[in-house]
Structure formats: structure tokens, C-alpha cells
Amino acid sequence: MYKNIFFAACMMTILLSCNSKEKITEPAYQLVWADEFTTAGQPDAGKWNYEVGGHGWGNQELQFYTDRRTENARVENGHLIIEARKENWQGMNYTSARLVTKGKAEWQYGKIEVKAKIPSGRGTWPAIWMLGATTPLNWPDDGEIDIMEHVGFNQGTVHASIHCKKYYHSIGTQKTATIPVPDCSDNFHVYATEWDKDSVRMSVDGNTYFRFANEHTGYEAWPFDNKMFLLLNVAVGGAWGGQQGVDDSIFPKRMEIDYVRVYQKK
């Protein structure tokens with residue numbers, strides 16, 4: 001009898017402890033913005049703007065970014081398609097698209113997840129990245145977070161980087177890391193950043209492989225208290241993507257995005 005009462009009391013204590021633990025480990029993030037790409041046709045104009053032009057985009061890129069909803073950016077079968085094509089357009093030999101949330105959605109800190117399948121082929125340069133939402137934007141001073149970059153001449157290696165005035169590639173101080181993702185062009189993976197006042201981290205499928213810590217030495221090394229916006233694009237060629245030329249036989253090439261989800265701490 002007494003053993004039964006003691007056992008029941010112990011079980012109640014364990015259950016209360018478990019319930020308390022569940023409350024303590026409640027997810028720290030809540031979803032604040034998302035695009036699941038469930039409606040076929042043009043990307044949601046309430047969430048995305050297009051950046052249009054063919055001036056090289058500071059990287060000697062070879063494509064003209066258009067706002068054409070059929071050829072270069074569209075939603076089909078539940079995925080956002082950004083397609084690079086070999087065609088003459090506005091004096092350039094390739095077309096593609098660059099979608100941005102600038103002016104629609106901008107965030108200070110959070111967890112950004114993009115589930116994507118990225119293109120292969122020499123000359124392709126897909127990117128999932130963020131820029132400081134400052135007006136005007138002063139690059140690299142106002143910050144850049146590269147959640148995912150991939151160059152086709154180095155198939156299966158995914159890159160993560162940050163850029164700021166103190167750390168960027170042109171002066172040889174860029175902070176970057178790589179991770180092998182051999183099937184990145186055959187299967188979808190979740191490319192993510194977790195970013196707060198102390199650090200920026202990048203991961204693939206939950207595996208964190210890059211971390212940049214706030215040095216607390218000023219804006220030149222940490223502009224990442226700015227609000228930032230998201231960019232999705234597929235470039236062709238360029239100073240990095242075109243280092244080994246462009247294989248024209250591969251086109252058209254597409255990046256497929258299953259979803260974009262943005263979380264912030266409660």
C-alpha cells in the first residue's frame with residue numbers, strides 16, 4: 001500500500017518535471033513571413049520585387065535580369081523557378097531573374113530558411129543572400145550575408161560568407177566557409193542562416209558550418225544590426241562564376257525553391 005502511494009507520488013513528480021521541461025524547451029522562434037509558392041503563375045507581387053538590368057552587377061556578370069514572368073521567373077508545381085537562358089536580350093547573351101524582398105519585407109535578426117535545388121553546369125552562379133536595407137545602400141559597408149552560393153565549375157561545394165567594410169573579398173579579408181553537398185543539383189536541401197546581435201551562422205539541413213561573431217569593434221566589422229532583405233538569383237559567368245568560362249550547351253538552367261520561411265525569436 002505504502003509502496004504504491006510512494007510510486008504514484010514519484011510518477012507525479014516525474015510527469016510534472018517533464019511538463020515543466022517541455023515549457024522550458026518550447027521553440028524559441030515563431031514564423032513571421034513565408035512564401036510556400038502554392039499559386040502557379042507569377043511570383044507573389046506582394047512579397048517580391050524584381051531587380052532588372054544587364055550592367056554586370058559589380059561582378060562582370062553576363063546575364064540581363066528581366067521581370068518576365070514566364071521565361072525567367074515563375075511558380076509551377078509548388079516551386080519558384082528562376083531560370084537562366086541562353087538568348088540575346090538588351091545587348092546581353094543570357095537572361096535570368098533576381099527576386100528581392102526589398103521594400104516588401106525586411107528583418108533585423110532571425111532565422112531564414114530556403115529549401116532549394118540549385119543548378120549545375122559551368123558558368124552558373126546561383127545565390128541565396130541578404131543585403132542591408134539602408135537607403136542608399138553602401139556596399140560592403142552596410143553588410144551582406146551569403147546564405148548559399150554555388151559555382152558550376154566546382155560542382156557540389158556550397159559556400160557561405162559575410163561581407164562588411166572590414167571583411168570582404170576585394171581586400172582579401174572575406175570570412176567564408178564551404179561544405180560538400182554532392183547532390184545539391186539533384187535534391188532539395190534547406191539552406192539557412194541564424195542571425196542575432198552576437199553572431200551570424202549558416203547551415204545546410206541543420207548542420208551549421210559557418211559562424212561569424214560580433215567583435216564589438218564598431219560598424220566596420222559589424223553592420224548586421226541593420227535590417228536586411230532577401231535576394232534569390234541565378235547569375236551567369238562573372239568574376240567568380242565565370243572563372244572557367246561558360247558552357248553554352250547546358251542552358252536553360254533553373255534554381256527551384258520549395259519554400260522561404262523567416263522566423264524571429266518570441
* To do: Calculate the dipole size of region 28-265 relative to its Cα centre from +1 charges on Lys and Arg beta carbons and -1 charges on Asp and Glu beta carbons; express the result in debye to the nearest 20.
  => 120 debye
* Mind checking which of Pro140, Ala127, Thr101 is farthest towards the positive end of the chain's charge dipole, using Cβ charges of +1 (Lys, Arg) and -1 (Asp, Glu) about the Cα centre? => Thr101
* **Pairs beyond 19 Å (Cα-Cα), from Lys115/Lys175; Lys104/Lys253; Lys47/Lys102** => Lys115/Lys175; Lys104/Lys253
* In whole Å, how far is the Cα centre of region 125-158 from that of region 195-265? -> 4 Å
* **Computed lengthening from Asp183 to Lys265, 0.36 nm per intervening residue step minus Cα-Cα distance** => 26.3 nm
* So if we plug the beta-carbon distance of Thr157 and Asp198 into 1/(1 + (r/R0)^6) with R0 = 30 Å, what FRET efficiency do we get, rounded to 0.05? -> 0.60
* Asked: Around Thr217, with a cut-off of 15 angstrom between Cβ atoms, what is the net charge of the other residues, counting Lys and Arg +1 and Asp and Glu -1?
  -> -1
* Asked: Under the rule of -39500 (n - 2.57) per DSSP H run of 4 or more residues, summed and divided by the residues of the chain, what mean residue ellipticity at 222 nm is obtained, to the nearest 500 deg cm²/dmol?
  -> -3000 deg cm²/dmol
* Report the calculated FRET efficiency for His55 and Tyr219 (r = Cβ-Cβ distance, R0 = 30 Å), to the nearest 0.05. => 0.60
* Once both axes come from the Cα atoms, what is the angle between helix 2-24 and the longest principal axis of the chain, in degrees from 0 to 90, rounded to 10? -> 30 degrees
* **Thr173-Thr39 pseudo-label distance in nm [points 7 Å out on the Cα-to-Cβ vector]** => 4.6 nm
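FYI, it's all coordinate maths here, none of it is from the lab. The model shown is predicted, which means the values in this text are computed figures rather than measured ones. Methodologically, a virtual Cβ is constructed for each residue, glycine included, from the backbone with ideal geometry; neighbour enumeration extends over all protein chains shown.
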